[in-house]
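Enquirer: Before anything else, here's the structure in question.
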């Protein structure tokens, strides 16, 4: 499997853990003290890092730092929107579409050297 695909798949999985670590406590632990939510989030974030660190190391062999960061942001939005709608029961907003267009524009600019045919 190519390093870009491997890195992307690992980052997708990492982002699922990251999104739950950052936001699920708002729904599930809202009645608990913030410290309980923080420790629960740290526990979830451990699994994020176990995937994210190798993903970035693998990706960095074929992508530069800016490309890795923009790829991460695009994946984050791709994971966050279904999470917000399906898990947190937030309404679908057109703002998600506009945000996605901006992020994917950033992806284009960061990866255009890899897209051009020499």
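Taken together, the values in this text are just the output of simple stated rules run on the coordinates, not laboratory data. Small disclaimer: the values here were computed from a predicted structure and weren't measured. Counting neighbours? That spans all protein chains shown, and the Cβs are built from the backbone with ideal geometry, glycine included.
Enquirer: Please give the length that would be gained between residue 97 and residue 57 if that part of the chain were fully extended, namely 0.36 nm times their separation in residues minus their C-alpha to C-alpha distance (nm, one decimal).
Expert: Numbers: separation 40, 0.36 × 40 = 14.40 nm, distance 3.03 nm.
Fully extending the segment from residue 97 to residue 57 adds 11.4 nm.
Enquirer: Treating the Cα atoms of the chain as identical point scatterers in vacuum, please give the log10 of the normalised Debye intensity I(q)/I(0) at q = 0.11, 0.14, 0.15, 0.21 Å⁻¹, two decimals.
Expert: Once normalised to I(0) and log-transformed, intensities are -0.43, -0.67, -0.76, -1.17.
Enquirer: For the pair residue 2 and residue 88, what calculated FRET efficiency results from E = 1/(1 + (r/R0)^6), where r is the Cβ-Cβ distance and R0 = 35 Å, to the nearest 0.05?
Expert: Efficiency, rounded to the nearest 0.05: 0.55.
Enquirer: Cα centroids of the stretch 55-118 and the stretch 18-36: how far apart, whole angstrom?
Expert: Comparing the Cα centres of the stretch 55-118 and the stretch 18-36, I get a distance of 24 Å.
Enquirer: Please state the relative contact order of the chain as a whole percent: Cα pairs under 8 Å, 6+ residues apart? Display every interim value, and only then the final one.
Expert: Details: 93 pairs, mean separation 39.2, N = 118.
Value for the chain: 33 percent.
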